[in-house]
């Protein structure tokens, strides 16, 4: 499980079930096609120091925006919705609920791509970066 503050809110990501992760991964690969070379930018900051993470996060958000920007609008909206709704959002009560794209991002559109990037980093860094070993990137970073 990983948490990240984006804007004024805290988001949390837990591992997807294997079948769901594979489905989402295949949709992502199919959607980005030739832009697959941009994926290393999305995952560059995993396990790095704070300055490297900040630089990598900026590049990752830019890469994600470029990838989504090349898709058909409905396909992009559906994919982004499915990605961000993997995350949970911390409510004022302290409880976490599944993200609802329209309910949680209407009026906060600028947080969508950073949340989508966070979800992808947490779910797929091992797969797309070629990293080996067990555990999530967050778990390995603490080791």
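A crude spin-label estimate for the pair residue 21 and residue 78, with each label 7 Å from Cα along the Cβ direction, gives 2.5 nm. Note on residue 102/residue 54: beta-carbon distance plugged into 1/(1 + (r/R0)^6) with R0 of 41 Å gives a FRET efficiency of 0.85.
If the segment from residue 8 to residue 62 were pulled out straight at 0.36 nm per residue, it would be longer than the present Cα-Cα gap by 17.4 nm. Each part reduced to its alpha carbon centroid, the range 2-24 and the range 53-119 end up 10 Å apart. With both labels modelled 7 Å from their Cα along Cα-to-Cβ, the residue 1 to residue 29 distance reads 3.0 nm.
FYI, it's all coordinate maths here, none of it is from the lab. Keep in mind that this is a model prediction, so the values were computed, not measured. Note that we place each Cβ from the backbone using ideal geometry, even for glycine, and neighbour counts take in every protein chain shown.
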